[in-house]
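First the structure, in the form of structure tokens, and then the observations on it.
The values are calculated or read from the model by the stated rules, or taken from the named source; none is laboratory data. Not measured: the values here are computed from a predicted model. For neighbour counting, all protein chains shown are included, and Cβ atoms are generated from backbone atoms with ideal geometry for every residue, glycine included. Just so you know, the surface numbers come from the protein's heavy atoms only, side chains and all, with ligands and any DNA or RNA stripped out. Shrake-Rupley method; radii C 1.70, N 1.55, O 1.52, S 1.80 Å.
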Amino acid sequence: GVRVLGDEIDPTMAAIANANLALHGVADRVRRCDSLRNTGEEADFVLANPPFGARIGDDRELDFKVSSRKSELLFLELIARRLRPGGIAAVVIPVGVLSNSDKGSHSTRSMLMHEGEVLAVLELPGGVFRPYTDVKTAIIFWRKGVPTQNVRMFKALSDGFSLDDKRRPIEQNDLDRLEKQVQATLIGLEFECEAVNVDRAEIDRNDLVLLPSRYISEVFERAGSRELDELVEEMIAELEATIRDLREVV
């Protein structure tokens, strides 16, 4: 079966997380420990919105390759190290990680490109996390193992809510339309989509910048494809059936 893994340095937050798991019938527990000191490979999938905009203090001893104390860079390397080969991560990050020229951001992008495959990057609308933060963000989808050869870049202009502090519901919602396209990318389907495929050579020429805005020069306004939706659902159902069969064998 599926096992949930979690580390939390704050004892109060760990207790709240474990209470939440118990309320939802999950037997696994969040461990009370410093995740930045636990770097062994033990996860097949990571879904994360790690802390960003913070700096890890010099008093904490760290063993990381990235030459930075920025939390978003350290946690990206941590996620890459915690994944088993072939494991996949979907991580919310500030767009600066994808485009800044500082040594830490550049070395992080190099690590992602060389130590695995950047499958896709989805740039989120500015203001998507308001009123909590104005930081522009993106979601990076990464698989540990074979180095990156090309990256599929997506850009959403709306998430179904106004991009001010009030976050009122609105009609425009790119995320609903792009969801199946990202899913299809992750399971390796070939299809016409609202994205651009950027090859490794072009990314190298652009100083390893992985921000979709650098490469997408047009705004896509196509409707969602019922055929694609059905195909993705079919493929996911087949994958789930295969996993169930493998569990029975094991």
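Gln172 satisfies every condition listed in (1) free of Cβ contacts under 8 Å to residues at least 24 places away in the same chain; (2) part of a loop (DSSP other than H, G, I, E, B); (3) polar (S, T, N, Q) except (2).
Ile170 meets the conditions (1) modelled with pLDDT under 95; (2) surrounded by 13 or more Cβ atoms within 10 Å (Cβ to Cβ); (3) of a type in the set (Val, Ile, Thr) in every case but one. The failed one is (2). Quick one: would you say Phe45 is closer than 29 Å to Val196 by Cβ and touching an Asp or Glu at 6+ places or on another chain (Cβ under 6 Å)? So Phe45 does not fit the description; no. For segment 43-63, residues that are on the phi < 0 side of the Ramachandran plot and modelled with pLDDT under 90 total 13.
Residue count for segment 27-82 under the criterion of being open to solvent by 50 Å² or more (accessible area, probe 1.4 Å) and in a helix (DSSP H, G or I): the result is 2.
Within segment 175-218, being surrounded by 15 or more Cβ atoms within 10 Å (Cβ to Cβ), in a loop (DSSP other than H, G, I, E, B) and not hydrophobic (A, V, I, L, M, F, W, C) holds for one residue alone: Glu194. Number of residues in segment 1-52 that are of a type in the set (S, T, N, Q) and out of contact with any Leu (no Cβ under 9 Å at 6 or more places or on another chain) equals 4.
Considering only segment 64-81, I want to know if a residue exists there that is among the small types (Gly, Ala, Ser) and at pLDDT 95 or above.
From segment 64-81, those among the small types (Gly, Ala, Ser) are 67-68, 71, 80; that's our starting set.
Right, trim to at pLDDT 95 or above and you get 80.
Checked segment 64-81: at least one residue is among the small types (Gly, Ala, Ser) and at pLDDT 95 or above.
Within segment 9-25, is there a residue that is under 17 Å from Arg82 (Cβ atoms) and not in a helix (DSSP H, G or I)? Lay out the reasoning, then the answer.
Taking segment 9-25 as the starting set, the residues that turn out to be under 17 Å from Arg82 (Cβ atoms) are 9.
In the following step, the residues that additionally are not in a helix (DSSP H, G or I) were identified as 9.
Taking every residue of segment 9-25 in turn, at least one turns out to be under 17 Å from Arg82 (Cβ atoms) and not in a helix (DSSP H, G or I).
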